[in-house]
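Okay, structure first, notes after.
Each reported figure results from applying straightforward, stated rules to the coordinates on display, with no laboratory input. Small disclaimer: the values here were computed from a predicted structure and weren't measured. Note that we place each Cβ from the backbone using ideal geometry, even for glycine, and neighbour counts take in every protein chain shown.
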Amino acid sequence: MDATRSLDPLHQRLEALRREIHFHNHRYHVLDAPLISDYEFDQLVVELRQIEADHPEWITPDSPTQRAGAIPLDRFVKVRHPAPILSLANAFDADGVRAWYERIRKLDDRVERAAFTVEPKIDGLTVVLHYRDGAFVQGATRGDGEIGEDITANLRTIRALPLRVPVAGKQVSSTQVDSAKESMSTSLPVSLIPHYLVVRGEAFITIKDFDALNQRLEKAGEKTYLNPRNTAAGSLRQLDPALTASRPLTLLVYQIVAWESAPSPEGPSPSGIGDRGQGERPTTQTDTLETLRALGFPVPQFTACPDIESAIAACQKLTEQRDQSPFEMDGAVIKLDDHILAADLGFVGKDPRGAIAFKFPAREVTTRLNEIRVNVGRTGVLTPYAVLEPVEIGGVIVERATLHNFDYIAEKDIRPGDRVAVKRAGDVIPYVIGPVVDARTGTEWPYTPPETCPACDQPVEHLAEEVAWYCVNAACPAQLIRNVEHFVSRGAMDIVGLGIKIVEQLIGAGLVHDVADLYTLTKEQLLELEGFAGKKADNLLAAVAASKERPLSRLIGALGIRGVGEVMAGDLARYYPSLDELARAALDELQMIEGVGPNIAQAIVDWFARPANHALLEKLRSVGVWPRAEIKPAGAATPMALAGQTFVITGTLPTLSRENAKFLIESHGGKVTDSISKKTNYLVLGENPGSKLDKARELGVPILNEEGLKKVISN
Ligand code: IVH
């Protein structure tokens, strides 16, 4: 029977609004498939709030308006869990899993034929949620597994947490808006809902939300958080739910802790939840997750595995997908699908025998920051790095980690001597996340950046608008080493056999003062150096000579202009046939090239304006390192954008000189002629055009401005 039928129409409207809001909330926060706009959603909430304001006696704790707004607590009240909230034993590799399997197989024959599920192990916080007749009534932390703390008000603020289950309209697809609304407005039979239900899940913050939160805090000049897990934990243990509400917590539920069916006088009725009869507690993990999902809980994705080897394979797949996961996973959990078998196997301490955590290698550890040192890069930029108490992260011993820049150290207040969190994930260079402030002993002092270059002792400079500090001494030995190292590297001039040791040796011996000096080295000079037997000297000289043949793009990249990497060097070489033309390029002209912003354009202009660099270029020219780009661009293998097309240019173009416009067209396979004819494909039109414009109009030749020309090229 529908309980709302006997209510007055306004109360009925209120109930309908609540159902509708719960429904759309679930679509948005659990299914990630909203059916209405935020505006429409807000309208529903406004209407509900109005009715509740007029009738405060109708407010119930499971009303969607009650997510936030509870008053701050003085302390948390203890809650006894209805059943122990157990932990998990760990395995660290496939063999660890097999050993666990062998142990339980010996205990029970049924294990041999058992199936498993594999779920992500979410790196968050266990929460225990109580529902009475479908309404969320209490939520607790894990505590010691027997007794937790009551954090109901905080949990209510999590939008993914259903305040009432089942969430109506749960089985519809997003295309079925109308039928969804229909099913939403019919309240489900009360008998479907276990009279008392306790579930367990993990509250956490997604990586994206965590990054956004930290960015917001940073902008506001507030302290940032170390990692999503600590943030989630801290947010849930706030005495003021308003603070929790401001944190982007979410939830996944994976276990039923208690299930008491409503005593039903009519006996079992068709449930629509899973494929069991109504009121029964699921007896497999697959069924548990499906039931929880059907009730409206957010559940983790899982893999059903027929045997232990496929479970191991599923764990390995999850390991590989770790970087793509929206939330931090610290492992996978393998569970016996059969809960009855799992229960029969019993426990070892607090760990059930029927499940095991396949732990991923840690990516984040804490260790002592012994020292902050400063590296001088090839552009003179000073980069601080951490010298750490050696620590293993994911199978690798880490002794150094980046600290990004001096502002980062100041923002995070990272101090030498601090215990620091260090992360090494995927391809990322290990970096210091921040200090563990609670571990301070009082002897750690804030760090001050050096005022002079650690390599040459000259004063350092801060460029306006830039975070970095620079050593601007052109003769700084550290910069020279980095410069030469970059010049000879694989992606630049690719001088095989010229490693960092030899670079240091050559500079140390006074044989190399700039990169051009590499090309005047003699065999006699090399033979004087330690470790240079005859063959090694010959090989090096041959490699140096061979590098003269590198294309222009390599040389441009090798110069080490700030912001000009391999790809951009390639682009520049397509527009400028040699370093002479690039040296003459104007700021606005450079900016017309895709990917060249004002900063890079400025860096290029500045580089060529420096007298020391003029001298270097002349030296390179004189030693024969002076490639010219072929007129056909690097990508000539693919048909060129303007192949076979004829252009005429008239008037002054806004940014391109006539010469450069011509080069641009020709380098994309086009032809530039002086007079318009029927064969002309386009007229490129600038300011103050000549008679060519009239002629083009007469002949119906399409007209392009500079912008249009670039579009034709990029198409
Ligand atoms: S099952 C008896 N499943 O990992 C059931 N735990 O190291 C034991 N966790 O305290 C837990 N994701 O907080 C289970 N999919 C998942 C999990 C998961 C994260 C946490 C949980 C537990 C800890 C054990």
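Between Asp108 and His614, the modelled labels are 8.6 nm apart [label points 7 Å from Cα along Cα→Cβ].
How do Asp337, Asp588 rank when sorted from fewest to most other Cβ atoms within 10 Å of their own Cβ? Walk me through the intermediate numbers first.
Values: Asp337 22, Asp588 12.
So the residues, fewest neighbours to most, are Asp588, Asp337.
Each of Ser578 and Ala313 was given a label point 7 Å from its Cα along the Cα-to-Cβ line. The distance between the two points is 6.2 nm.
Work out, step by step, the length gained on full extension between Tyr408 and Ala135: first 0.36 nm times the residue separation, then minus their alpha carbon distance; give nm to one decimal. Write out the running numbers ahead of the final one.
Numbers: separation 273, 0.36 × 273 = 98.28 nm, distance 4.63 nm.
Full-extension gain reported as 93.7 nm.
What the Cα convex hull of region 59-169 gives, in volume per residue, is 177 Å³. From its DSSP helices (H runs of at least four residues, each -39,500 (n - 2.57)), the chain gives a residue-normalised ellipticity at 222 nm of -10000 deg cm²/dmol. Measuring from each cysteine beta-carbon in the chain, the ones with no other cysteine beta-carbon under 4.7 angstrom are Cys305, Cys315. Quantify how much of the Cα-Cα distance distribution of region 518-596 extends past 14 Å, in percent. Tail fraction, whole percent: 68.
Let me have the relative contact order for region 635-715, percent, based on Cα pairs under 8 Å that are six or more residues apart. Worked out over region 635-715, it gives 36 percent. Each principal axis of the Cα atoms in the chain has its own extent, and those three values, largest first, are 100, 76, 52 angstrom.
Segment Leu521..Arg373, full-extension length gain: 49.9 nm, with 0.36 nm per residue of separation and the alpha-carbon distance subtracted. Subtracting the Cα-Cα distance of Glu707 and Asp694 from their residue separation scaled by 0.36 nm leaves 2.6 nm. Computed about the Cα centre, the dipole magnitude for the chain is approximately 1020 debye when only Lys and Arg (+1) and Asp and Glu (-1) carry charge, each at its Cβ. Taking every C-alpha pair closer than 8 Å and separated by at least 6 residues, the mean separation divided by the residue count of region 72-140 gives a relative contact order of 19 percent.
Sorted from fewest to most neighbouring beta carbons within 10 Å, what does the list Ile481, Ile665 look like? Before the final figure, lay out the partial values.
Numbers: Ile481 20, Ile665 24.
With the sparsest Cβ surroundings first, the list reads Ile481, Ile665.
Over the Cα atoms of region 564-628, the radius of gyration divided by the Kirkwood radius equals 0.96; this is the Rg/Rh ratio. Per-residue Cβ neighbour counts within 10 Å put Leu521, Leu388, Leu197 in the sequence Leu521, Leu388, Leu197, beginning with the fewest.
For the chain, the residue among Leu252, Ser578, Thr655 whose Cα projects farthest onto the positive side of the dipole built from Cβ charges is Ser578. Of the residues Ile312, His404, Val376, the one whose Cα sits farthest toward the positive end of the charge dipole of region 289-427, with +1 on the Cβ of Lys and Arg and -1 on the Cβ of Asp and Glu, is Val376. Spacing of the modelled spin labels on Glu218 and Leu587, each 7 Å from Cα toward Cβ, amounts to 2.8 nm.
Could you pull out the pairs from Lys208/Lys359; Lys121/Lys317; Lys121/Lys350; Lys350/Lys423; Lys106/Lys317 whose alpha carbons sit more than 19 Å apart here? Walk me through the intermediate numbers first.
Details: Lys208/Lys359 23 Å; Lys121/Lys317 13 Å; Lys121/Lys350 17 Å; Lys350/Lys423 30 Å; Lys106/Lys317 28 Å.
As for pairs spanning more than 19 Å Cα to Cα, those are Lys208/Lys359; Lys350/Lys423; Lys106/Lys317.
Charged side chains reduced to their Cβ positions (Lys and Arg at +1, Asp and Glu at -1) give region 525-586 a dipole of some 120 debye around its Cα centre. Could you give me D for region 483-540, from Stokes-Einstein at 4 °C and 1.567 mPa s, where the hydrodynamic radius is the Kirkwood radius over C-alpha pairs? Units µm² s⁻¹, please. Answer from the Stokes-Einstein relation: 113 µm²/s.
Think of the chain as having a plus end and a minus end, set by charges on the Cβ of Lys, Arg, Asp and Glu; of Ala343, Leu44, Pro300, Pro300 sits farthest toward the positive end of this dipole.
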